[in-house]
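Asker: Here it is, the structure in full.
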């Protein structure tokens, strides 16, 4: 499980391999978590060979005067078996952007990129985001994020 301690940062354009907290994210790859739903579906599917950044927006889970103290990301077991991963180290590790957003790089492991599971409409993979707020006492949220993976 990956633990990300959130800190203030900026989001601006750079190329992959540079400081991850400054990489821009197109709006179709922004995943908004909400209080109303226990899950969020990414609107942009990934190809199993893609390495793309997604911005997870946690702000609607927060009160005006709080942020997140910690965020844990755990791949769903069925997705892990298919090779779906969010790297915990290296240039594609998840990073904090600020106390309301995290940048992730979901991808399919090399040994699974050619799987028949990605043919046609593909398969939905997912991960859980568990977060603890800075409020006293701290509040906790858990949401499931789903991303469709399909060969293009």
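Bear in mind these aren't lab numbers, they're just calculated from the coordinates by the rules spelled out. Treat the numbers as computed from the prediction; the structure is a model and nothing was measured. Every residue, glycine as well, gets a Cβ built from its backbone with ideal geometry; the counts of neighbours run over all protein chains shown.
Asker: Which residues in segment 45-86 have a backbone N closer than 16 Å to a point placed 7 Å from the Cα of residue 146 along the Cα-to-Cβ line?
Answerer: 45-46, 76-80
Asker: Nearest 0.05, what FRET efficiency do residue 51 and residue 132 give at R0 = 25 Å with Cβ-Cβ as r?
Answerer: Between residue 51 and residue 132 the formula returns 0.30.
Asker: Sticking with this one: Could you grab the Rg to Rh ratio for segment 2-149? Cα atoms only, Kirkwood for Rh.
Answerer: On the Cα set of segment 2-149, Rg over Rh gives 0.96.
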